Amino acid sequence: MSNSATEPRPLTEATPTMGEVIVETRNLSKVYRDFWGRPKVNALKALDLEVRRGEIFGLLGPNGSGKTTTIKLLLGLLFPTSGEALVFGEPATQVNKNERIGYLPEESYLYKFLNAEETLDFYGRLFKMSVKERRERIAHLIDMVGLGWAKRRQLKEYSKGMTRRIGLAQALINDPELIVLDEPTTGLDPIGTREMKDLIIDLREQGKTVLMCSHLLADVQDVCDRIAILHQGDLKELGRVDSLLRVSGITQIQAEGLNAQTQDEIRALIERSGAKLLKIDNPTTTLEDLFLSIVQDSEARPGRRARIEK
């Protein structure tokens, strides 16, 4: 990773062209049962969402909201109680679709007595990559995640942040079309966090599709095109980040060399004063405030979609 990654990279305001649907859930529900087969936890309730090729999609929610259950259903690690989970247009239970997916779990379970090169070589063999392919891919990924200086150290000597980076490299070894990231910035320092977010944005620019979960709302706000907020198994909000955070009813004006005046006179005043109008738009709240308000509204009105002022 280059040092330039320590500076935040602004996202372009242009909306990327979204392609075909990569991930789709239709009325997806999951009920966990006890030993006697009785319903114990209704973990996911009639979830409907789509993730399209080339976007970064954020899945948010407090603990127990259904995020991990959703990911496991999409990876085919769980079977739905009802509804459908489709990945690349096929049922998520089809094992062969996993060849096109990269997955970084919240906790990376890697062999601690292997070094970085051996770890990636092991996973490359699982995908039946040739020796030449593995060698080239391993060198590229280790350089990409900034671990060239530690590539021959055993993973048991790695810090949590370093383990996170090699875990991401492992998730990308097969050059996947869909990358599923669960808490990708866990254990990273501020510079590492910025580099990770830049890397996620780079994956989108390469045409990859990214589905990520995170409790760090600022990270999601920085990189995601769209988000879904879950609470107690229900979908509470779904949409583009910029649209969800926009505060209607309040006008924000940014101008260069301009003193505040009434809105009715502002354009004429700018023209007369020679000042330059930079922006007239709706201000935005933060993703953290939106998230908390949705959870609070959900607790006050269980079973209903959040009522957020637009």
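Taking each of Lys45/Lys112; Lys208/Lys276; Lys132/Lys156; Lys160/Lys208; Lys236/Lys279 in turn, the alpha-carbon distance tops 29 angstrom for Lys45/Lys112; Lys208/Lys276; Lys236/Lys279. Annotation: average projected area of the chain is 20.1 square nanometres, based on the convex hull of Cα atoms across all directions. Can you classify segment 11-118 as rounded, prolate or oblate using the Cα gyration tensor, where a ≥ b ≥ c are the square roots of its eigenvalues, rounded means a/c under 1.5, and otherwise it's prolate if a/b beats b/c and oblate if not? Note, shape of segment 11-118 comes out oblate.
For segment 91-132, dividing the convex hull volume of the Cα atoms by the residue count gives 97 Å³ per residue.
Of the chymotrypsin sites (Phe, Trp or Tyr not before Pro) found in segment 12-89, those that fall in a DSSP loop while having at most 14 other beta-carbon atoms within 10 Å are Phe35, Trp36. Highest mobility in the GNM of the chain, judged by mean-square fluctuation with C-alpha springs under 10 Å and restricted to Pro80, Pro39, Pro283, is found for Pro39.
Per-residue ellipticity at 222 nm, computed for the chain from helices alone with -39500 (n - 2.57) per DSSP H run of at least four residues, works out to -9500 deg cm²/dmol.
Net charge of the neighbourhood of Arg26, taken over other residues with C-beta under 12 Å away and scored Lys/Arg +1, Asp/Glu -1, is -4.
Legend: residue pairs Lys30/Lys97; Lys40/Lys72; Lys67/Lys97; Lys67/Lys197, Cα-Cα distance threshold 24 Å; every pair lies within threshold.
The charge dipole of the chain, taken about the Cα centre with unit charges on the Cβ atoms of Lys, Arg (+1) and Asp, Glu (-1), comes to about 920 debye, rounded to the nearest 20.
Cα gyration tensor of segment 122-209, axes a ≥ b ≥ c as square roots of the eigenvalues: rounded (a/c below 1.5), prolate (a/b > b/c) or oblate? Here segment 122-209 falls in the oblate category.
Taking Lys and Arg as +1 and Asp and Glu as -1, the other residues whose beta-carbon sits under 14 Å from that of Glu136 total -1. Looking at segment 67-147, the trypsin sites (Lys or Arg not before Pro) that sit in a DSSP loop and have at most 11 other Cβ atoms within 10 Å of their own Cβ are Lys128. When the chain is treated as a GNM, springs tying every alpha-carbon pair under 10 Å, which of Leu203, Leu181, Leu114 comes out with the largest mean-square fluctuation? Among Leu203, Leu181, Leu114, the largest GNM mean-square fluctuation belongs to Leu114.
Laboratory data are not the source of any read-out in this text; all were calculated from the coordinates shown. Quick caveat: nothing in here was measured; it's all calculated off a predicted structure. Heads up, the Cβs are rebuilt from the backbone with ideal geometry, glycines too, and the neighbour counts pull from every protein chain shown.
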